[in-house]
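Step one of this worksheet: look at the structure below.
The values are calculated or read from the model by the stated rules, or taken from the named source; none is laboratory data. In this text the structure is predicted, and so the values were computed from the model without any measurement. Methodologically, a virtual Cβ is constructed for each residue, glycine included, from the backbone with ideal geometry; neighbour enumeration extends over all protein chains shown. Note: areas computed on protein heavy atoms with side chains; ligands, DNA, RNA excluded. Shrake-Rupley method; radii C 1.70, N 1.55, O 1.52, S 1.80 Å.
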Amino acid sequence: MKKNPAYFPRIPRIEYEGPGSANPLAFRHYDPAQVVAGRPLADHLRFSIAYWHSFRGVGSDPFGPGTIVRPWERGKDAVAIALARLEAGFEFFQKIRAPFWCFHDRDIAPEGATLAASNRNLDRIVTHAKALQKQTGVKLLWGTANLFSNPRYMCGAATNPDAHVFAYAAAQVKKALEVTQELGGENYVFWGGREGYETLLNTDLKREQAHLAAFLHMALDHAKAIGFKGQFLIEPKPKEPTKHQYDFDVASGVAFLRTHGLERHFKFNLETNHATLAGHTFQHEIETAAAHGMLGSIDANSGDLLLGWDTDQFNTDVKELTLAMTSILRAGGLGSGGFNFDAKLRRPSVDLEDLFYAHIGGFDAYALAFKVARRILADGKFDAFVRERYASFDTGFGADIERRKIGFKQLEKLVLGSLGEPTPRSGRQEYLENLLNTYLH
């Protein structure tokens, strides 16, 4: 890395100045050094920068080309540009005080004319990334392979009807796993960007899902062979870009993993906007993953409820994030996962400062939500309400139901006898929503 970084010369290292600060280039709620429950806040939140949006995003959308031009994107040598881009990235990671970063293989290194050429480009960039990580202390939260952008993957990668494409994808993931290990990645993510179908008229659904399972088993085998100890993560996403994605949401992902004997090896990397596109809340997907012991990591963003595509915006909705954080903390946290800001600037946000404003807002919103969620859990009012609501299952025939020690015949006898007609009990939703607001204001 350059001794005198110059990619963001007007922007200082972002410091914590507290809730009263009016400085737009300062944290108001995120103090990475603040000790919470014996650990720095940075260790609790494990923030990560998504390289593909922050350093490959150009402001394009489905209706227009890019609007963002960065000063390091100059020259004709793609590898040289990639090296400069990487230095800009690590300068940003340090100034924004992010302890982690994430990437796809094709984000950091240009694709060559052949797989061998692509691998050579990747090796050169990874060597430099490894040196930058050592110099700065920034770590790799997870790596992954881009198996969706190249036209070869127009009909999927692991689910492609052509075995040649399956083999190419396998070779690409093999290399991506190896470079993730080389960079000390703590996780590896599988996002099936085109693992789905456009029409069932040309699709053998059962066979494609079996091929996807075989692919994931091969990945597990290779991880074991090279000694990769990181957590494997599945990232669910519905619909976009295909009409139907096989990894539609957590529930369908759990069913798939259990059907194919993969449930012990995978957890979920959950994205807020993907939950929205699936017709769920972010908290719902977290709770579903946690219920199955498969909560792994978070892609921190949001969508626009008035738009129908994956807009990947920075999430500053403290109420939504407080609900999510409460569920995450109740589940025991994310382990080796973290909060990766898989979010991009809006199309008119073309200044270098906008990249900082966006991440400052995201960091602060999550930090504030974390603190509010801890207060909610410490007070215990919501947990006490839920416990009381289900108290009838703690003793007597209710406990026998949960232990499967009673059946229909015995329950019928109880209802016909002493129990009689149940008395409806209020769920008190409005009271609980008001109670939540007392923590938010």
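Kindly evaluate E263 against the criterion of being open to solvent by 40 Å² or more (accessible area, probe 1.4 Å) and in contact (Cβ under 8 Å) with a residue 60 or more places away in the chain.
Taking the combined requirement at face value, the residue does not satisfy it.
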Inset, instruction - For the stretch 87-95, indicate whether the set of residues that are of a type in the set (A, V, I, L, M, F, W, C), crowded, with 20+ Cβ neighbours inside 10 Å, at pLDDT 95 or above and within 29 Å of V165 (Cβ to Cβ) is non-empty. - result: no
Legend entry - Verdict on A251 being surrounded by fewer than 19 Cβ atoms within 10 Å (Cβ to Cβ) and either farther than 28 Å from Y366 by Cβ or of a type in the set (V, I, T) (or both): no
Inset, instruction - Only residues that are more than 21 Å from S302 (Cβ to Cβ) and either open to solvent by less than 10 Å² (accessible area, probe 1.4 Å) or touching an Asp or Glu at 6+ places or on another chain (Cβ under 6 Å) (or both): list them for the stretch 32-54, please. - result: L41
Legend entry - Selection count where residues are in contact (Cβ under 8 Å) with a residue 60 or more places away in the chain, basic (K, R) and either farther than 14 Å from F55 by Cβ or in contact with an Asp or Glu (Cβ under 6 Å, 6 or more places away or on another chain) (or both), scope the stretch 87-121: 1
Inset, instruction - Kindly provide the set of residues from the stretch 361-379 that are open to solvent by less than 10 Å² (accessible area, probe 1.4 Å), out of contact with any Ser or Thr (no Cβ under 6 Å at 6 or more places or on another chain) and either basic (K, R) or farther than 14 Å from S302 by Cα (or both), ordered by number. - result: A367, F370
Inset, instruction - Might you check whether a residue that is charged (D, E, K, R), closer than 20 Å to G89 by Cα and touching a strand residue (DSSP E or B) at 6+ places or on another chain (Cβ under 6 Å) occurs anywhere in the stretch 22-42? - result: no
Legend entry - Residue that is nearest to E235 (Cα to Cα), among those in the stretch 245-261 that are among the aliphatic types (A, V, I, L, M) and either part of a strand (DSSP E or B) or touching a strand residue (DSSP E or B) at 6+ places or on another chain (Cβ under 9 Å) (or both): V250
Legend entry - Odd one out for E17 among (1) more than 22 Å from the chain's Cα centre (by Cα); (2) within 22 Å of G185 (Cβ to Cβ); (3) charged (D, E, K, R): (2)
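Residues checked against (1) open to solvent by less than 80 Å² (accessible area, probe 1.4 Å); (2) part of a helix (DSSP H, G or I); (3) without any contact (Cβ under 8 Å) to a residue 60 or more places away in the chain; (4) aromatic (F, W, Y):
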residue: F382; (1), (2), (3), (4): yes, yes, yes, yes
residue: F385; (1), (2), (3), (4): yes, yes, yes, yes
residue: A399; (1), (2), (3), (4): yes, yes, yes, no
residue: K405; (1), (2), (3), (4): no, no, yes, no
residue: L414; (1), (2), (3), (4): yes, yes, yes, no
residue: T423; (1), (2), (3), (4): no, no, yes, no
residue: S426; (1), (2), (3), (4): no, no, yes, no
Inset, instruction - Go through the residues of the stretch 307-327 one by one and say whether even a single one is open to solvent by less than 30 Å² (accessible area, probe 1.4 Å), more than 20 Å from L355 (Cα to Cα), in contact with a Leu (Cβ under 7 Å, 6 or more places away or on another chain) and not aromatic (F, W, Y). - result: yes
Inset, instruction - For T276, indicate whether it is in contact with a helix residue (DSSP H, G or I) (Cβ under 6 Å, 6 or more places away or on another chain), part of a helix (DSSP H, G or I), free of Cβ contacts under 8 Å to residues at least 40 places away in the same chain and not small (G, A, S). - result: no
Inset, instruction - Sort through S336, S418, S392 and tell me the only one that's part of a helix (DSSP H, G or I) and surrounded by 13 or more Cβ atoms within 10 Å (Cβ to Cβ). - result: S392
Legend entry - Residue list for the stretch 187-218, restricted to those being open to solvent by 10 Å² or more (accessible area, probe 1.4 Å) and closer than 21 Å to S336 by Cα: F190, W191
Legend entry - Residues that are assigned to a helix (DSSP H, G or I) and open to solvent by 50 Å² or more (accessible area, probe 1.4 Å), drawn from the stretch 285-306: E287, A291
Legend entry - Among the candidates A78, A117, A98, A109, residue that is crowded, with 19+ Cβ neighbours inside 10 Å and over 18 Å from G338 (Cβ atoms): A109
